[in-house]
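The structure appears right after this line, and notes come after that.
What follows draws every value from the coordinates through simple rules; no lab data is involved. Remember, predicted model here, so these are calculated numbers, not experimental data. Here the Cβ positions follow ideal geometry from the backbone for every residue, glycine too, while neighbour counts run over all protein chains shown.
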Amino acid sequence: KAGVTQTPRYLIKTRGQQVTLSCSPISGHRSVSWYQQTPGQGLQFLFEYFSETQRNKGNFPGRFSGRQFSNSRSEMNVSTLELGDSALYLCASSLGTGGSTNEKLFFGSGTQLSVL
Amino acid sequence: AQSVSQHNHHVILSEAASLELGCNYSYGGTVNLFWYVQYPGQHLQLLLKYFSGDPLVKGIKGFEAEFIKSKFSFNLRKPSVQWSDTAEYFCAVNEHNAGNMLTFGGGTRLMVKP
């Protein structure tokens with residue numbers, strides 16, 4: 001069974017540009033969550049999608065957005081990039097939305113974004 | 001807002017030593033608690049979790065954690081570490097009914113010397 005796949009693995013952009021990151025969840029998983037990981041702030045929740053609907057949103061500016069498609073694949077977009085957006089962006093998938101003791105989040109390897 | 005504190009940023013142990021990593025959270029409501037591990041070059045993976053019931057939770061690879069509600073703590077333990085336990089460990093919390101919105105601690109880097 002394939003794991004969570006994130007593309008691209010590395011990305012270099014300049015300030016002011018926009019970027020789109022992609023995440024393919026494990027087959028059958030309907031929930032996709034996004035996290036930002038930086039040395040200074042650690043792991044921070046961005047948003048969660050379930051069945052194409054945003055279920056939860058973290059404390060990030062509106063420049064960060066996402067969506068989920070009918071096949072559960074998800075994309076996140078960051079517009080007007082700032083230097084501080086340089087980070088590892090992690091995607092995680094699960095069967096449902098975390099309310100069951102059987103739920104488990106599976107993380108991808110991440111997309112390393114560098115903003116110059 | 002929730003916050004999660006991991007007291008030790010770096011821990012160095014010799015093989016066979018006992019391990020305890022501290023984790024405290026701040027939130028007054030009902031929470032689910034997790035420990036995740038990231039081995040070198042690998043992605044984050046779940047070590048163990050607490051949802052309800054017995055506060056002593058056993059996970060993979062001989063790890064366990066104890067939820068002490070009165071202390072808002074969920075410390076991770078292992079009686080005898082191995083070199084292969086070298087990794088970064090993250091404590092995480094989420095509120096009931098908050099989906100997969102986890103609040104993570106800053107992580108603890110564990111190095112086990114052979």
Next item on the list: Can you work out the PRE-style zone for A:GLN18? Point 7 Å along Cα to Cβ, and I want the residues of the stretch A:33-74 with backbone N under 19 Å.
Entry: A:47, A:54, A:60-69, A:74
Notebook entry, point to check: How big is the gap, in Å, between the Cα center of the stretch B:38-114 and the Cα center of the stretch A:55-69?
Noted result: 27
Next item on the list: Taking a cut-off of 28 Å between Cα atoms, list the lysines near B:LYS113, but don't count ones fewer than 8 places away on the same chain.
Entry: B:LYS49, B:LYS58, B:LYS61, B:LYS78
Check: Once you average over the residues of B:36-48, how many Cβ atoms of partner chains fall within 10 Å of each Cβ?
Finding: 3
Next item on the list: Would you please name the trypsin sites (Lys or Arg not before Pro) within the stretch A:1-98 that are DSSP coil residues with at most 12 other C-beta atoms within 10 Å of their C-beta?
Entry: A:LYS1, A:ARG9, A:ARG15
Next item on the list: Mind giving me the FRET efficiency for A:ASN77 and A:SER27? R0 is 41 Å, r the Cβ-Cβ distance, nearest 0.05 is fine.
Entry: 0.95
Next item on the list: Round to the nearest 0.05 the FRET efficiency obtained for B:THR30 and A:ARG63 when R0 = 35 Å and r is the Cβ-Cβ distance.
Entry: 0.60
Next item on the list: Round to the nearest 0.05 the FRET efficiency obtained for B:GLU15 and A:LEU11 when R0 = 30 Å and r is the Cβ-Cβ distance.
Entry: 0.15
Note to self: Taking a ≥ b ≥ c as the square roots of the Cα gyration tensor eigenvalues, with a/c under 1.5 meaning rounded and otherwise prolate when a/b beats b/c, else oblate, which class fits the stretch A:22-77?
What the structure shows: prolate
Next item on the list: Mind checking B:76-87 for the average number of partner chain beta-carbons within 10 Å of each residue's beta-carbon?
Entry: 0
Check: Placing +1 at every Lys and Arg Cβ and -1 at every Asp and Glu Cβ, with all other atoms neutral, what dipole size does chain B have around its Cα centre, in debye to the nearest 20?
Finding: 40
Item checked: Neighbour-count order for A:LEU81, B:LEU56, A:LEU90, fewest beta carbons within 10 angstrom listed first -> B:LEU56, A:LEU81, A:LEU90
